[in-house]
Amino acid sequence: MNQYQTPPIAPTQISFDVESGSMSPTGPTLIRRASDLKGCFKDEGALAELITNLNPEIYQVVSSIVPEVSRELPQSITTIRPGSVSGELFMTKGHQHPDPQGEIYFGLAGEGGVIMYDGHDTKWVEVQVGKIAYIPPGWAHRSINTGSSDYKFLAVYPGSAGHDYQWVLDHGMGLRAYFENGKLKLEDYK
Ligand code: PAN
Ligand code: ZN
């Protein structure tokens with residue numbers, strides 16, 4: 001054991017399966033349904049209707065065994081289902097890292113991207129298969145499925161970064177992503 005291992009994670013191989021969006025050995029899995037995304041979509045009435053009717057899964061996050069603790073480098077695969085609420089594309093809740101540190105997203109399958117917002121400027125970065133989106137420290141981030149199949153990406157982030165969801169509810173994301181006339185349309189948040 002060396003001085004930095006708290007708790008010790010042995011050097012290890014982690015497999016990821018793009019088809020199922022899973023990792024092995026696997027850590028915690030989180031499923032977020034429509035009811036978990038209150039406050040995210042502009043059309044709150046349409047979201048409420050979706051919750052009453054089906055409350056479908058919007059996305060899931062499968063984590064590896066590497067824990068979210070200081071000096072470790074956890075990873076997770078997010079799978080966002082295709083769909084929209086009144087044209088606003090299915091998305092993750094989005095968060096800010098309270099301990100501002102960089103993060104990378106590797107595109108694994110489908111079509112999507114990430115809205116980043118630092119409280120002043122907002123950026124849209126596509127995340128295709130074979131591309132990496134770099135999220136700098138201090139930029140809140142929210143992922144969007146812009147296609148008609150599952151959109152999957154692998155996230156790698158510092159274990160001490162933390163996740164602040166309230167920041168996005170309080171500040172917004174600068175942009176909203178819609179599917180209109182067969183293509184992606186980004187609009188001011190409002
Ligand atoms: C990602 C996200 C994941 C789900 O692993 O946590 O895509 O998005 P929300 O956390 O906003 O629900 C990441 O950015 N981790 O830091
Ligand atoms: Zn993050």
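What follows draws every value from the coordinates through simple rules; no lab data is involved. All values derive from a computational prediction rather than experimental measurement. Cβ: placed from backbone, ideal geometry, glycine included. Neighbour counts: every protein chain shown.
Could you tell me whether any residue of region 101-108 is within 12 Å of ligand 2 (Cβ to nearest atom) and more than 30 Å from Ser20 (Cβ to Cβ)?
Looking through region 101-108, none of the residues is within 12 Å of ligand 2 (Cβ to nearest atom) and more than 30 Å from Ser20 (Cβ to Cβ).
Scan region 119-138 and give yes if some residue there is closer than 20 Å to Leu37 by Cα and touching a residue at least 40 places away in the same chain (Cβ under 8 Å), otherwise no.
No, region 119-138 has no match at all.
Return the total of residues in region 27-45 being surrounded by 15 or more Cβ atoms within 10 Å (Cβ to Cβ) and away from ligand 1 (no atom under 13 Å from the Cβ).
Counting residues in region 27-45 that are surrounded by 15 or more Cβ atoms within 10 Å (Cβ to Cβ) and away from ligand 1 (no atom under 13 Å from the Cβ) gives 3.
(1) more than 16 Å from ligand 2 (Cβ to nearest atom); (2) farther than 22 Å from Lys38 by Cβ; (3) in contact with a strand residue (DSSP E or B) (Cβ under 8 Å, 6 or more places away or on another chain): which one isn't true of Asp188, the others all being true?
(2)
Pick out the one residue from Gly87, Gly21 that is surrounded by 13 or more Cβ atoms within 10 Å (Cβ to Cβ), within 16 Å of ligand 1 (Cβ to nearest atom), touching a residue at least 60 places away in the same chain (Cβ under 8 Å) and on the phi > 0 side of the Ramachandran plot.
Matching residue, one of Gly87, Gly21: Gly21.
Would you point out the residue of region 90-99, among those that are in contact (Cβ under 8 Å) with a residue 60 or more places away in the chain and more than 10 Å from ligand 2 (Cβ to nearest atom), that is surrounded by the most Cβ atoms within 10 Å (Cβ to Cβ)?
The extreme case among them is Met91.
One line per residue, one yes/no per condition, for (1) within 12 Å of ligand 1 (Cβ to nearest atom); (2) under 13 Å from the mean Cα position of the chain (by Cα); (3) under 18 Å from Gln75 (Cβ atoms); (4) among the basic types (Lys, Arg):
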{"residue": "Asp118", "(1), (2), (3), (4)": "no, no, no, no"}
{"residue": "Trp124", "(1), (2), (3), (4)": "no, no, no, no"}
{"residue": "Val127", "(1), (2), (3), (4)": "yes, yes, yes, no"}
{"residue": "Lys131", "(1), (2), (3), (4)": "no, no, yes, yes"}
{"residue": "Ile135", "(1), (2), (3), (4)": "yes, yes, yes, no"}
{"residue": "Ala140", "(1), (2), (3), (4)": "yes, yes, no, no"}
{"residue": "Ser148", "(1), (2), (3), (4)": "no, no, no, no"}
{"residue": "Ala155", "(1), (2), (3), (4)": "yes, yes, yes, no"}
{"residue": "Gly162", "(1), (2), (3), (4)": "yes, no, yes, no"}
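Kindly provide the set of residues from region 84-136 that are among the hydroxyl-bearing types (Ser, Thr, Tyr) and closer than 20 Å to Ser148 by Cβ, ordered by number.
Ser84, Ser86, Thr92
Need a quick list: strands (runs of 3 or more DSSP E) entirely within region 71-159 having at least 2 residues that are aromatic (Phe, Trp, Tyr).
Where strands (runs of 3 or more DSSP E) fall fully within region 71-159 and carry at least 2 residues being aromatic (Phe, Trp, Tyr), they are 103-109, 151-156.
Yes or no: Leu89 among the hydrophobic types (A, V, I, L, M, F, W, C) and farther than 17 Å from Arg176 by Cβ?
In short, no.
Filter region 140-156 for residues that are surrounded by 22 or more Cβ atoms within 10 Å (Cβ to Cβ) and either near ligand 2 (Cβ under 9 Å from one of its atoms) or not polar (S, T, N, Q) (or both) and give the result.
Answer for region 140-156, where residues must be surrounded by 22 or more Cβ atoms within 10 Å (Cβ to Cβ) and either near ligand 2 (Cβ under 9 Å from one of its atoms) or not polar (S, T, N, Q) (or both): Ala140, His141, Arg142, Ile144, Tyr151, Lys152, Phe153.
Just to be sure I understand, how many residues within region 7-35 are closer than 18 Å to Ala155 by Cβ and of a type outside the set (Val, Ile, Thr)?
Looking only at that region, the number is 13.
Where residues in region 166-190 are part of a loop (DSSP other than H, G, I, E, B) and surrounded by 15 or more Cβ atoms within 10 Å (Cβ to Cβ), which of them is nearest to ligand 1 (Cβ to nearest atom)?
Of everything passing the filter in region 166-190, Met173 is nearest to ligand 1 (Cβ to nearest atom).
Could you check region 63-84 and list, in sequence order, the residues that are under 19 Å from Trp124 (Cβ atoms) and within 13 Å of ligand 1 (Cβ to nearest atom)?
Thr78, Ile80
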